Amino acid sequence: MAFINPPAHLPVWLRLGVWVARRIAGKDLLPARLLGWYPRAALSSGILEALIAHHEGRLDERLLKLVRLGVSFHVNCPFCMDMNAVGWEKLITPEELAALQGRTGLENVSSFSETERLAVAYARLVSSTPLAFPPEFIARLQGCFSEREIVILATTAAQVNYWARMIQALGCPPVGFNDLPPFFLAAGPGIGPAQTNQEP
């Protein structure tokens with residue numbers, strides 16, 4: 001259970017938003033209802049979610065899925081892992097999933113492209129505390145991605161961080177988007193500050 005209960009009554013526009021979210025997700029999303037205690041946050045969060053990047057050029061569905069799942073595991077948010085894992089088996093291999101979880105290094109998975117390794121490594125840096133971006137890493141990032149692509153990667157990683165922090169701060173459990181084994185909803189032993197500056 002979450003740390004608090006949702007309000008008994010939601011504004012009409014928020015009830016509509018919760019209904020739309022339920023229709024899209026196929027699940028009742030507790031975080032949306034909890035935000036009813038502060039409707040301004042509900043509105044801004046809804047706008048943030050509605051305008052997320054889906055795919056653009058080289059930043060295709062697979063790459064953005066790698067980034068979102070990589071962040072979800074890095075910040076150890078079970079709700080985010082569950083939600084961002086929807087359809088993972090169509091885009092990601094079990095070996096790649098293990099690398100995203102930190103159970104093996106990104107460099108040990110031959111099916112990752114260099115672009116994908118770099119994107120996931122960048123997402124991990126965006127999600128680490130303290131924030132640190134080694135100049136040599138940024139030079140490689142700039143050599144691989146356009147300015148627009150870097151902004152899309154940064155905002156995608158930051159968006160997952162926003163939801164992860166808020167959802168965990170409110171104590172929201174996973175909804176059950178996936179019938180996942182327990183090992184899925186946990187980061188591997190290598191995820192965390194020790195790996196944040198690791199070169200892909």
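The values are calculated or read from the model by the stated rules, or taken from the named source; none is laboratory data. Computed from a prediction, not measured in an experiment: that's the story for all the values here. Backbone-built Cβ (ideal geometry, glycine too); neighbour counts: all protein chains shown. Areas reflect the complete protein model, heavy atoms only, side chains present, ligands, DNA and RNA absent. Shrake-Rupley method; radii C 1.70, N 1.55, O 1.52, S 1.80 Å.
Of all residues in the stretch 100-112, how many are farther than 16 Å from Leu125 by Cβ and open to solvent by less than 50 Å² (accessible area, probe 1.4 Å)?
Looking only at that region, the number is 4.
Here is a check on your reading of the model: is Glu95 in contact with a Ser or Thr (Cβ under 9 Å, 6 or more places away or on another chain), farther than 22 Å from Arg165 by Cα, surrounded by fewer than 21 Cβ atoms within 10 Å (Cβ to Cβ) and acidic (Asp, Glu)?
Judged against the criteria, Glu95 is a match.
Just one of Ser110, Ser72 is within 19 Å of Asn161 (Cα to Cα) and hydroxyl-bearing (Ser, Thr, Tyr); which is it?
Ser72
Being in contact (Cβ under 8 Å) with a residue 60 or more places away in the chain and either in contact with a strand residue (DSSP E or B) (Cβ under 9 Å, 6 or more places away or on another chain) or small (Gly, Ala, Ser) (or both) is true for just one of Gly102, Gly46, Gly36. Which residue is that?
Gly102
Testing Tyr38 on (1) crowded, with 22+ Cβ neighbours inside 10 Å; (2) aromatic (Phe, Trp, Tyr); (3) more than 18 Å from the chain's Cα centre (by Cα), one condition comes back false. Which one is that?
(1)
Considering only residues that are in a helix (DSSP H, G or I) and either under 22 Å from Leu131 (Cβ atoms) or among the polar types (S, T, N, Q) (or both), which ones fall in the stretch 64-79?
Result: Leu64, Leu66, Val67, Arg68, Leu69, Gly70, Val71, Ser72, Phe73, His74.
Check the stretch 125-138 and report whether any residue there is surrounded by 13 or more Cβ atoms within 10 Å (Cβ to Cβ) and charged (D, E, K, R).
no
Give me the pairs, please: first residue somewhere in the stretch 111-139 and of a type in the set (D, E, K, R), second residue anywhere and surrounded by 13 or more Cβ atoms within 10 Å (Cβ to Cβ) and in a helix (DSSP H, G or I), beta-carbon distance under 6 Å, and either six or more positions apart or on two chains.
Going by the 6 Å Cβ cut-off, the qualifying pairs are Glu116/Leu63; Glu116/Leu66; Arg117/Leu106; Arg124/His74.
Restrict the check to the stretch 5-26 and report whether at least one residue is within 30 Å of Leu125 (Cβ to Cβ) and not in a helix (DSSP H, G or I).
no
In the stretch 50-83, what residues are touching a residue at least 12 places away in the same chain (Cβ under 8 Å), surrounded by fewer than 18 Cβ atoms within 10 Å (Cβ to Cβ) and not polar (S, T, N, Q)?
Of everything in the stretch 50-83, those that are touching a residue at least 12 places away in the same chain (Cβ under 8 Å), surrounded by fewer than 18 Cβ atoms within 10 Å (Cβ to Cβ) and not polar (S, T, N, Q) turn out to be Ile52, Ala53, Glu56, Gly57, Arg58, Glu61, Arg62.
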